[in-house]
Amino acid sequence: MLTDRVLTGILRSGALLSALIMLLILCFLLLESWPALTGLPVAGFLTDPSWHPLESAYNLMPMLSATLLASIGAITLAVPLGIASALFIVFFAPSHLASLYKRLIELLAGIPSVVFGFWGLTVLVPLISEWQPPGASLLAAVLVLTLMILPMIAITAYTALAAVPDELLQNAAALGLSRWGTIAGVVLPAARAGITAGIILAAARALGETMAVLMVAGNVVQHPESLFDPVRTLAANIALEMAYAMGDHRSVLFVSGLLLMLLVMALSAMAGLLEKHRHV
Amino acid sequence: MVKIIIFSLTNRFGVVAAVIAFCGLVWAVPAVANAGSQRLVLTGSSTVAPLINEIARRFEAKFPDVRIDVQTGGSSRGINDVRKRIADIGMVSRALKPDESDLLAFTIALDGISLIVHADNPVTGLNRRQVAGIFTGDLSHWRAVGGPDARITVVNKAEGRSTLELFLDYLQLKNSAIKPHVIIGDNAQGIKTVTGNRNAIGYVSIGAAEYEVQRGAPLRLLALDGVEASVENVREGIFSLSRPLNLVTAGEPQGLTREFILFAQSPQVHDLIEAQYFVPVDAN
């Protein structure tokens with residue numbers, strides 16, 4: 001009885017602490033960005049001619065568009081590949097190959113982002129630059145991000161596919177559906193919510209990814225006109241300038257952090273809603 | 001302690017208690033770390049920090065009860081931290097600006113900034129007008145300065161870095177006038193970018209660039225206004241794109257701070273300065 005209460009207490013305080021830290025981070029972001037939110041015209045974040053903090057120009061929009069475009073690009077590439085990998089593991093591969101392939105994907109998920117960035121900078125960027133200089137570009141960022149979120153999508157999709165009840169598969173077999181008919185008509189609809197939740201989490205990771213993107217994206221603040229234009233994402237901007245920023249500049253960087261956090265929170269909320277939907 | 005928190009959680013003041021306990025934990029840790037032997041904190045330029053690390057190690061070996069803490073974050077942070085008294089000494093890789101006259105600077109070494117290109121690029125030197133043309137986008141092809149028929153990839157530094165400041169100051173330009181294709185953070189990233197792109201031009205610390213060239217990186221340092229970019233020419237004072245590496249204090253240095261600055265300016269550390277490809281200066 002007493003152990004029960006002590007355990008409950010420990011768990012509660014643990015949970016409270018995590019929630020508190022999250023809240024503290026949010027408060028801290030708000031506090032640090034307050035001088036910029038109140039002292040600078042907020043419209044300036046949308047309408048200033050450029051991002052040149054030392055000349056008091058704080059347009060965040062090019063970086064927002066770059067962040068969204070890089071994430072959308074990566075999602076577009078990684079979703080079909082990730083779902084295909086998961087389907088391959090669950091339905092098509094012979095079992096020894098399936099387990100090997102799954103290990104490989106898990107390994108890919110464990111590679112630190114800075115390693116991806118380094119590979120991108122020394123291999124991918126020179127390759128693209130031979131074709132379309134300068135090489136460091138939106139395309140490079142999209143490709144590196146794709147590699148990083150692909151395993152995440154594949155693993156969550158695999159889990160969702162594996163969780164499809166056996167009765168459904170047996171019924172489909174009893175109806176004489178082909179393998180592809182079973183997958184398209186029965187398995188994917190049944191696993192849809194789980195797969196979507198995984199995609200949204202992967203999107204959140206792509207939005208916030210910093211080091212790898214910083215190394216390959218070229219970091220020029222502009223609205224990209226093509227895939228080969230260099231761009232700077234919000235997260236990369238913070239990493240690039242935070243250590244060197246003072247006063248308003250520093251404060252605006254916290255505003256961009258706040259913006260990024262709101263984006264990710266909206267995505268997580270969406271994932272949460274979907275999860276709920278699945279259990280109903 | 002733990003029990004108190006757990007049981008207090010069951011009443012309404014539990015949250016408050018937990019917050020206080022948490023904050024107490026956060027404040028207590030640095031206080032404990034501060035106690036004990038004599039401690040010196042230096043923050044600032046990432047160009048100066050590796051050198052100061054070496055000097056600090058030698059200083060600690062000489063005075064065993066001294067602990068020196070070196071943190072990077074750029075010259076601006078060095079200035080900021082010294083003003084706020086968070087750091088005893090700031091590391092600043094440029095001369096002080098007029099609005100920083102409240103601080104004192106002690107030069108320990110000189111560093112030059114060199115324009116770098118890929119080793120396959122036949123261009124060997126540029127003048128100030130050509131450099132300005134390239135970085136503002138007026139000259140977009142290497143052919144315009146005697147190179148191959150290829151578009152120039154301009155590599156610039158992120159705002160706030162002292163290398164960028166010195167470079168803009170040399171060209172008499174604002175950063176918004178520069179039309180870069182790639183923006184980089186530190187020297188290493190700049191060197192990696194230029195070695196990976198045979199049409200790129202960037203600028204980094206001469207020391208760092210010479211070091212990479214000796215290690216076989218496909219890199220060339222460009223002569224500027226007819227003067228070769230080398231440590232030798234920085235020492236002679238004839239290379240125009242150079243800067244002092246300073247230790248900065250708020251007010252006349254006292255005690256341990258003074259000892260350390262004198263040590264860093266003394267001939268005892270010239271070998272360390274040269275090992276980092278910087279140029280030692282005489283204190284007087």
Just checking: which of the helices (runs of 4 or more DSSP H) contained wholly in the stretch B:136-216 hold 2 or more residues that are touching a Gly at 6+ places or on another chain (Cβ under 7 Å)? B:187-195
So which residues in the stretch B:60-75 are closer than 15 Å to B:VAL48 by Cβ and more than 14 Å from every other protein chain (Cβ to nearest Cβ)? B:ILE68, B:ASP69, B:VAL70
Of all residues in the stretch A:194-220, how many are buried (at least 21 other Cβ atoms within 10 Å of the Cβ) and either within 13 Å of another protein chain (Cβ to nearest Cβ) or assigned to a loop (DSSP other than H, G, I, E, B) (or both)? 10
Filtered residues of the stretch B:137-147 (kept if touching a residue at least 40 places away in the same chain (Cβ under 8 Å) and open to solvent by 30 Å² or more (accessible area, probe 1.4 Å)): B:GLY137
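Listed here are the residues, each with its yes/no results for (1) without any contact (Cβ under 8 Å) to a residue 24 or more places away in the chain; (2) assigned to a helix (DSSP H, G or I); (3) more than 30 Å from A:ALA160 (Cβ to Cβ).
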site	(1), (2), (3)
A:ALA235	no, yes, no
A:ALA239	no, yes, yes
A:VAL255	no, yes, yes
A:LEU262	yes, yes, no
A:LEU273	yes, yes, no
A:LYS276	yes, yes, no
The correct count of residues that are farther than 21 Å from B:ASN121 by Cβ and either open to solvent by less than 10 Å² (accessible area, probe 1.4 Å) or away from chain A (no Cβ under 11 Å) (or both) in the stretch B:171-207 is 4
For the stretch A:22-50, which residues satisfy the criterion of being within 13 Å of A:ASP248 (Cα to Cα) and aromatic (Phe, Trp, Tyr)? A:TRP34, A:PHE45
From the residues in the stretch B:43-80 that are more than 13 Å from the chain's Cα centre (by Cα) and part of a strand (DSSP E or B), which one is surrounded by the fewest Cβ atoms within 10 Å (Cβ to Cβ)? B:ASP69
Scanning for something of a type in the set (Gly, Ala, Ser) and at pLDDT below 90, does the stretch B:56-74 turn up at least one residue? yes
Quick test for you: out of A:MET148, A:MET152, pick the one residue that is closer than 27 Å to A:LEU207 by Cα, open to solvent by 50 Å² or more (accessible area, probe 1.4 Å), of a type outside the set (Ser, Thr, Tyr) and assigned to a helix (DSSP H, G or I). A:MET152
Those residues that are modelled with pLDDT of 90 or more and within 11 Å of chain A (Cβ to nearest Cβ), I need them from the stretch B:152-170; list them, please. B:ILE152, B:THR153, B:VAL154, B:VAL155, B:ASN156, B:LYS157, B:LEU168
Among the residues in the stretch A:70-81, are any in a helix (DSSP H, G or I), surrounded by fewer than 24 Cβ atoms within 10 Å (Cβ to Cβ) and among the small types (Gly, Ala, Ser)? yes
Being of a type outside the set (Val, Ile, Thr), open to solvent by 30 Å² or more (accessible area, probe 1.4 Å) and touching a residue at least 60 places away in the same chain (Cβ under 8 Å) is true for just one of B:LEU221, B:LEU262, B:LEU241, B:LEU245. Which residue is that? B:LEU221
Here's a check for you: in the stretch A:92-133, which residue that is open to solvent by less than 60 Å² (accessible area, probe 1.4 Å) and not in a helix (DSSP H, G or I) is farthest from A:THR182 (Cα to Cα)? A:PRO133
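Residues are listed down the side, and each one gets a yes or a no for (1) free of Cβ contacts under 8 Å to residues at least 60 places away in the same chain; (2) at the interface with chain B (Cβ under 10 Å from one of its Cβ atoms); (3) touching a His at 6+ places or on another chain (Cβ under 9 Å):
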| position | (1), (2), (3) |
| --- | --- |
| A:ARG5 | yes, yes, no |
| A:ARG12 | yes, yes, no |
| A:LEU17 | yes, yes, no |
| A:LEU24 | yes, yes, no |
| A:PRO35 | no, no, no |
| A:PRO41 | yes, no, no |
| A:GLY44 | yes, no, no |
| A:PRO62 | no, no, yes |
If B:ALA150 meets every condition in (1) of a type in the set (Gly, Ala, Ser); (2) under 21 Å from the mean Cα position of the chain (by Cα); (3) farther than 24 Å from A:PRO53 by Cβ apart from one, which number is that one? (2)
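The values are calculated or read from the model by the stated rules, or taken from the named source; none is laboratory data. Fair warning: this is a prediction, and the values are worked out from it, not measured in the lab. Glycine also receives a Cβ, built like all others from the backbone with ideal geometry; neighbour counts cover every protein chain displayed. Note: accessible area is taken over every heavy atom of the protein model, side chains too, but ligands, DNA and RNA are not part of it. Shrake-Rupley method; radii C 1.70, N 1.55, O 1.52, S 1.80 Å.
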